[in-house]
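The values are calculated or read from the model by the stated rules, or taken from the named source; none is laboratory data. Quick caveat, the model's predicted, so the values are computed rather than measured. When we count neighbours, we look across all protein chains shown, and the Cβ atoms used for this are built from the backbone with ideal geometry, even at glycine.
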Amino acid sequence: MEQDIRRTKTCERCKANIGFDQVKYLPSKSPNGLMVVCAKCVEEIKNANSGNPVKNAKPAAAKAETKKPSDGKTEFFCGRCNYKFKVDEARLGYTLNLKCPYCGKYDRVSKR
C-alpha cells in the first residue's frame, strides 16, 4: 500500500519519507526551532548522547549548597488566593506597594 504524499513528512536527518504518525520533533537551531525526524533517527540521537554527560551539569549536593539565605526578604501570604510570596522590606513603601502579585489585591495580605 502506497502512502499518500500529502500525509508524509521528510526526516531532516536521513531524508526518508515518514507518515505523520511517526514524526518526532526535536529542538534545533533552525528559525522555527524544531527539527522533523523519524523514530529511527531519534533513537540514534539518544544513543549517541547517552554516553556523553551533559555539559555544565552540577551534582544535586552542589545545588543545595549554593542556595542563598532569605537576604532580608519577608514572607507574606494572601488570604484571598492562598499565594505565598517574599518581599524585600527595604523597598516597601518607597518603590513597592504591598499587594499580592498573583491576584493584585492588598486587603487580605498578611505577614507570615
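Taking first residues from the range 66-77 that are of a type in the set (Asp, Glu) and partners that are modelled with pLDDT of 70 or more, the Cβ contacts under 8 Å between residues at least 6 apart in sequence or on separate chains come to ASP71/ASP88; GLU75/LYS84; GLU75/PHE85; GLU75/LYS86; GLU75/LYS111; GLU75/ARG112.
Out of the range 4-29, which residues are among the aromatic types (Phe, Trp, Tyr) and part of a strand (DSSP E or B)?
Result: TYR25, single match.
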